[in-house]
1. Working carefully through the options Asp134, Asp153, Asp77, Asp94, find the one that is part of a helix (DSSP H, G or I) and at negative phi.
2. Which residues, taken from segment 63-84, are in contact (Cβ under 8 Å) with a residue 12 or more places away in the chain and either out of contact with any strand residue (DSSP E or B) (no Cβ under 9 Å at 6 or more places or on another chain) or within 16 Å of Lys101 (Cα to Cα) (or both)?
3. Since Ile140 meets every condition but one in (1) more than 13 Å from the chain's Cα centre (by Cα); (2) closer than 21 Å to Ile158 by Cα, which condition does it not meet?
4. So Ser151 ticks every box in (1) at pLDDT 95 or above; (2) open to solvent by 20 Å² or more (accessible area, probe 1.4 Å); (3) farther than 14 Å from Lys73 by Cβ; (4) out of contact with any Leu (no Cβ under 7 Å at 6 or more places or on another chain) but one. Which box is left unticked?
5. If Val157 satisfies every condition in (1) open to solvent by 50 Å² or more (accessible area, probe 1.4 Å); (2) touching a strand residue (DSSP E or B) at 6+ places or on another chain (Cβ under 8 Å); (3) modelled with pLDDT under 95 but one, which is the exception?
6. If I go through segment 64-74 residue by residue, how many of them are open to solvent by 90 Å² or more (accessible area, probe 1.4 Å), part of a loop (DSSP other than H, G, I, E, B) and either more than 21 Å from Arg105 (Cα to Cα) or polar (S, T, N, Q) (or both)?
7. So which of Thr96, Thr82 ends up being within 18 Å of Thr49 (Cα to Cα), open to solvent by less than 40 Å² (accessible area, probe 1.4 Å) and hydroxyl-bearing (Ser, Thr, Tyr)?
8. What pairs come up if the first residue lies in segment 109-123 and is without any contact (Cβ under 8 Å) to a residue 40 or more places away in the chain and more than 14 Å from Leu142 (Cβ to Cβ), the second is open to solvent by 50 Å² or more (accessible area, probe 1.4 Å) and in a loop (DSSP other than H, G, I, E, B), and their beta carbons are under 9 Å apart, counting only those six or more places apart or on different chains?
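The values are calculated or read from the model by the stated rules, or taken from the named source; none is laboratory data. Model, not experiment: these values are computed from the prediction. We place every Cβ from the backbone using ideal geometry, glycine too, and count neighbours over all the protein chains shown. Protein only, heavy atoms only, side chains kept; ligands, DNA and RNA dropped before computing areas. Shrake-Rupley method; radii C 1.70, N 1.55, O 1.52, S 1.80 Å.
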Amino acid sequence: LFDPCPRTVADDGPGSAVACRVRSDGLHDRTTESNRPARPSEQTATMDTIFLTGLTAECIIGIWDWERKIKQKVVIDLEMSTDIRKAAASDHIDDTLDYKKVSKRLLQFVSESEFQLVETLIDRIAQVILTEFDVPAVRIRLNKQGALRGSRDVGIVIERRRADYPAP
């Protein structure tokens, strides 16, 4: 029989109490007796991932006066959950997440943005992806290269779900 919540290496060992529930977005959450929420890697469902790595844009970003006057480079890595089975069966672009459209939209959005914090920028990127495209969940890594002397990369990684941005 198919177990929608198979045991994973994250389980607490033999005899541990593990609960499974199906969320509104179709993913399965696992919790242990410690009531620790399941990590995204522990959730199971028929979900595939379309990724974009190294999407580069320039924008006004930062809190310092000099940062408000120049555009700085940010690098974005995306992992977008989707189900590719329909596209695989039809072999037609209309049946999948069109990553070129996602890329163009994000490049436009980021280049026009003027946020002070990378935290705000990355959250708004997640909102764009989850509300404008048929994506139930996204993992984003935003890198503001050169933001700190002595460090090549500085950034944030977030995971968001469509339910995090309810319709107005």
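1. Working: Asp134 fails: part of a helix (DSSP H, G or I); Asp153 fails: part of a helix (DSSP H, G or I); Asp77 fails: part of a helix (DSSP H, G or I).
Exactly one residue qualifies, and that residue is Asp94.
2. Within segment 63-84, Ile63, Ile76, Asp77, Leu78, Glu79, Met80, Ser81, Thr82 qualify.
3. Just one mismatch for Ile140, condition (1).
4. Of the numbered conditions (1) at pLDDT 95 or above; (2) open to solvent by 20 Å² or more (accessible area, probe 1.4 Å); (3) farther than 14 Å from Lys73 by Cβ; (4) out of contact with any Leu (no Cβ under 7 Å at 6 or more places or on another chain), the odd one out for Ser151 is (1).
5. Result: Val157 passes all but (3).
6. Number of matching residues: 2.
7. On the way: Thr96 fails: open to solvent by less than 40 Å² (accessible area, probe 1.4 Å).
Being within 18 Å of Thr49 (Cα to Cα), open to solvent by less than 40 Å² (accessible area, probe 1.4 Å) and hydroxyl-bearing (Ser, Thr, Tyr) holds for just one of Thr96, Thr82, which is Thr82.
8. none
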